[in-house]
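Structure first, then comments.
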């Protein structure tokens, strides 16, 4: 097992299902989670660069391409190879978790199996990703959010046409606060975010055009956010 202060992840990318334009934002996001110790991408590169994954992009991010020929129509050899490698990596016992990058529901069972072994699984994919795959992950990050946050400034938060309005997050936040401690006036911001993500792996303040939970709470309305005793806390407005 690796050092607990800097978890090591195996990053496995479905080249047939994820566009290369997300490459740099997604690895920046992974760097905030831990070390991308294994970086592999699976696809048929024999006819060119699937989804724009050129050799230049792969080299710039030290991604190891695993060539899989499409020998049979309607059978995805890349998915099978990814799953086989994932199980080999899992049983090596050398990693703290996985980052599975795809919008394909075929990886739902893989994510569940890895988590059964006690390892973390982070998913990354587009908004079209089926709910089953999202739910199977500890946390699921939408690639469109990474792209948008990379382009937008703090001043434009909450204004993106591709995100929900911050007010739409109110019911989820209020319900989670009530479950944590119905009698408490103030709830700690950190545990609140952890509780929301535990029950909703696809939750992300960036879904609402905000960089973090505190910004989302302020923009959503109906909530007070204050620093109390050296930590941020939140309560519903009376």
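Since every read-out is calculated from the coordinates, none of them should be taken as a lab result. None of the values given here were measured: they were computed from a predicted structure.
What percent does the relative contact order of the range 8-151 come to when contacts are Cα pairs within less than 8 Å and at least six residues apart?
Values: 246 pairs, mean separation 36.7, N = 144.
Computed value for the range 8-151: 26 percent relative contact order.
Between 0 and 90 degrees, rounded to the nearest ten: what's the tilt of helix 77-92 against the longest Cα principal axis of the chain?
In the chain, helix 77-92 runs at an angle near 70 degrees to the longest axis.
Starting from the Cα gyration tensor of the range 96-238, multiply each eigenvalue by 5, take the square root, and state the resulting semi-axes largest first in whole Å. Intermediate results must be reported in sequence, preceding the final value.
Details: eigenvalues 150, 77, 30 Å².
The three semi-axes for the range 96-238 are 27, 20, 12 Å.
At q = 0.09, 0.10 Å⁻¹, what log₁₀ I(q)/I(0) does the range 8-151 have when each alpha carbon counts as one equal point scatterer in the Debye sum?
-0.24, -0.30
Just to be sure I understand: of the beta bridges DSSP finds with both ends in the chain, what percent are antiparallel, rounded to 5? Display every interim value, and only then the final one.
On the way: 8 of 33 bridges.
In the chain, DSSP labels about 25 percent of beta bridges as antiparallel.
Whole angstrom only: what separates the Cα centroid of the range 166-238 from the Cα centroid of the range 123-143?
21 Å
Quick one: what do you get for the range 157-236 if you divide its Cα Rg by 2.2 N^0.38 Å?
So the Cα radius of gyration is 1.03 times the expected 2.2 N^0.38 Å.
Pulled fully out, how much extra length does the chain show between residue 236 and residue 106, if you take 0.36 nm times their separation in residues and subtract their Cα-Cα distance?
On the way: separation 130, 0.36 × 130 = 46.80 nm, distance 4.03 nm.
Stretched fully, the residue 236-residue 106 segment lengthens by 42.8 nm.
Residue separation times 0.36 nm, minus the C-alpha to C-alpha distance between residue 185 and residue 91: what's the value?
Working: separation 94, 0.36 × 94 = 33.84 nm, distance 4.60 nm.
Stretched out fully, the residue 185 to residue 91 stretch lengthens by 29.2 nm.
When the chain is modelled as a GNM with alpha-carbon springs shorter than 10 Å, which of 165, 191, 201 fluctuates the most?
191
When the chain is modelled as a GNM with alpha-carbon springs shorter than 10 Å, which of 204, 181, 120 fluctuates the most?
Answer for the Gaussian network model of the chain: 181.
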